[in-house]
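A quick write-up on the structure given underneath.
The values are calculated or read from the model by the stated rules, or taken from the named source; none is laboratory data. In this text the structure is predicted, and so the values were computed from the model without any measurement. Glycine also receives a Cβ, built like all others from the backbone with ideal geometry; neighbour counts cover every protein chain displayed. Side chains are part of the model used for accessible areas, which takes the heavy atoms of the whole protein and leaves out ligands, DNA and RNA. Shrake-Rupley method; radii C 1.70, N 1.55, O 1.52, S 1.80 Å.
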Amino acid sequence: MKLSYVTPKDGYTWIRQGIWLFKQNPIGFLMLVFLYVFVAQLAVIIPVVGVFAVLLLTPTLSVGFMTACRQAIQKERIRPLVYLVALQSGIVVHKRILQLGLIYAAMILLLSFILSLLVDFELLLPLMTSDKPITPEALRQVYLVLFFGAMLYVPVAMLMWFSPVLVAWADMSVAQALFSSCLACWANKAAFFLYLSIWSAILIAIPLTVGMIFDAMNLGQVASFIIAPISMAGLTVMHCSFYATWKACFAEDDLVLGT
């Protein structure tokens with residue numbers, strides 16, 4: 001497995017390739033993302049165990065979606081059971097992918113603990129449990145959560161970005177996969193910065209702006225019917241673009257992505 005170096009502008013190319021890939025089988029990809037969101041929401045209802053299960057299986061589901069991307073390029077049918085492909089790839093991969101899930105769950109729990117020390121979550125509870133106006137202090141805490149959460153998640157994302165696929169497809173050990181993933185992200189950090197900046201604008205800034213516009217027109221309920229499907233489509237395209245980052249950073253096969 002050879003690590004490749006890309007230019008900063010490739011961050012934009014990855015998004016274009018993600019759009020192209022989404023067009024190859026939009027129904028199949030939307031089905032996979034909707035299934036994940038639906039099951040994750042059901043799992044979260046189960047205290048502690050549900051959240052842990054979702055975190056544990058995240059690397060497994062990541063390999064499944066990346067496999068679906070391969071299938072779409074090859075014009076194969078995408079099925080929901082593709083999510084389980086990593087668990088069906090032999091005892092070694094099975095064991096390693098679950099070990100990776102345990103590491104991811106531990107990192108997220110540690111991140112949450114650190115974040116709880118930095119931010120006063122008690123000020124945020126009224127925002128979720130009542131319709132009272134947002135106070136300046138509560139708003140400041142929201143920004144702190146977003147800022148510190150993003151900063152703390154960056155190293156986790158670097159470690160986990162490619163490691164599930166490296167374990168499943170490149171037969172790497174867990175430690176080697178984590179190191180290679182982090183190295184690839186750091187070596188191509190300029191492209192990733194542009195890539196993530198664009199997605200932040202698409203998935204966060206634009207929906208917030210549209211929501212504010214509709215709220216100002218007293219059409220808040222209408223906004224949800226417009227923003228929800230757009231956000232779902234954007235989230236699906238983003239997941240498709242993950243495969244483009246893999247193709248660009250690691251020379252692995254002859255499958256060609258369009259733009």
Original post:
So between Trp186 and Ile46, what do we pick up on full extension, going 0.36 nm a residue minus the alpha carbon distance?
Top reply: 46.7 nm
Original post:
Which angle from 0 to 90°, rounded to the nearest 10, does the C-alpha axis of helix 10-24 make with the longest principal axis of the chain?
Top reply: 80 degrees
Original post:
Residue-wise, which Karplus ³J(HN,Hα) couplings in Hz belong to region 183-193, taking 6.51 cos²θ - 1.76 cosθ + 1.60, θ = phi - 60°, and x for glycine or proline?
Top reply: 4, 5, 5, 5, 5, 10, 4, 5, 5, 5, 5
**OP:** Have a look at Phe225, Ala43, Thr236 and report the one farthest towards the positive end of the charge dipole of the chain, computed about the Cα centre with Cβ charges (Lys/Arg +1, Asp/Glu -1).
**Re:** Thr236
Subject >> region 161-259: projected area of the alpha-carbon convex hull, averaged over directions, in nm² >> reply: 7.9 nm²
Subject >> J(HN,Hα) series, region 72-84, from Karplus relation 6.51 cos²θ - 1.76 cosθ + 1.60, nearest Hz, glycine and proline x >> reply: 5, 5, 8, 6, 8, 6, 9, 10, x, 5, 4, 4, 9
Original post:
Which value in nm describes the separation of the simple spin-label points at Val145 and Ile19, placed 7 Å from the Cα toward the beta carbon?
Top reply: 3.3 nm
Original post:
Solvent-accessible area per residue for the chain at a 1.4 Å probe radius, Å²?
Top reply: 57 Å²
Original post:
In a GNM of the chain with a 10 Å cut-off on Cα contacts, which of Val63, Val85, Val167 has the highest mean-square fluctuation?
Top reply: Val85
Subject >> Neighbourhood net charge (11 Å Cβ-Cβ; Lys/Arg +1, Asp/Glu -1) for Asp10 >> reply: +3
**OP:** Just flag the trypsin sites (Lys or Arg not before Pro) in region 30-88 sitting in loop per DSSP whose Cβ has no more than 14 other Cβ atoms within 10 Å.
**Re:** Lys75, Arg77
**OP:** For Leu35 and Ala216, compute 0.36 nm times the residue count separating them, minus their Cα-Cα distance, and round to one decimal in nm.
**Re:** 61.8 nm
Subject >> Three-way shape label, region 1-100, alpha-carbon gyration tensor, a/c 1.5 >> reply: prolate
Subject >> Close Lys-Lys pairs in the chain, where close means Cα under 16 Å and separation is 8 or more or interchain >> reply: 5
Original post:
Tilt of helix 206-216 relative to the longest C-alpha principal axis of the chain, in degrees (0 to 90, nearest 10)?
Top reply: 20 degrees
Original post:
For Ile227, Ile45, Ile97, what's the largest-to-smallest order of accessible area, 1.4 Å probe?
Top reply: Ile45, Ile227, Ile97
Subject >> Estimated dipole of the chain in Debye, rounded to 20 [Cβ of Lys and Arg +1, of Asp and Glu -1, Cα centre] >> reply: 580 debye
Subject >> Estimated [θ] at 222 nm from DSSP helical runs (n ≥ 4, -39500 (n - 2.57)) normalised by residues in the chain, nearest 500 >> reply: -25000 deg cm²/dmol
